[in-house]
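No value in this document is a laboratory result; all are computed from the given coordinates. If you're wondering where the values come from, they're calculated on a predicted model, not measured in any experiment. Neighbour counts run over all protein chains shown; Cβ positions are idealised from the backbone, glycine included.
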């Protein structure tokens, strides 16, 4: 059995390169601790991190083709930053939302990809219900996997809908037994703005507005911290673990800074497909 230490981090609003670098730095730390768990007898960390974006930013999936899917130069000229995630999936325009990442090992998060998605979706639904947002899961017969580069233009099983609109997307990456899943809770939808940056013509079968934010649904704005707190409580309930609140350690900040310099600020990493 793997001994775990669970940590909750709220790292605030940052640029895309820094947000992605922090997640990879924490993922690498979890992987290193997992590999050394028997030799060093140290606990393997699980991280639940919440964060926002200091400017509108498109994050593209690990294997997504930037050149064919959207106009990178137009995005940058309009003040929209672009970064590539270490997780898979499709493009998301991060603007008015809460983004989460959970990083840990398969013994807790789930041995199968589908198990992890399902557990996290249940946690998201619990949090949304507590916030007054009545949500449902995408059922197998309702899933839509269209030829569309936008995450929120497609539905996958166990993703979260409210009033028929997608309000949360997610993507995952695994190395052995170590897992990271990214996801978000939309406060306000940016789908229309995102669609204007893609290099494809919208099909009438897949309208632009397939997503809606919880502020738009509720008719009121919630505090970022209150949404984050409900999310933390819900993850604790589903995974039966208590997260301690913590800040990033100096060693993790140094790792993230190195990743920003060597990888996430490099347009080659962003453009490569």
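Observations on the model:
- Note on residue 114 and residue 134: with the Förster distance fixed at 30 Å, the Cβ-Cβ geometry gives a FRET efficiency of about 0.75.
- Full-extension gain in nm, residue 241 to residue 32, via 0.36 nm per residue minus C-alpha separation: 73.1 nm
- Applying 1/(1 + (r/R0)^6) with r as the Cβ-Cβ distance of residue 63 and residue 266 and R0 = 22 angstrom yields a FRET efficiency of 0.80.
- Taking other Cβ atoms within 10 Å as a rough exposure proxy, 77, 5, 121 sort from fewest to most as 77, 5, 121.
- With a Förster radius of 51 Å applied to the beta-carbon distance between residue 13 and residue 39, the computed FRET efficiency rounds to 0.85.
- Estimated inter-spin distance, residue 174 and residue 107, nm [label 7 Å along Cα→Cβ]: 1.7 nm
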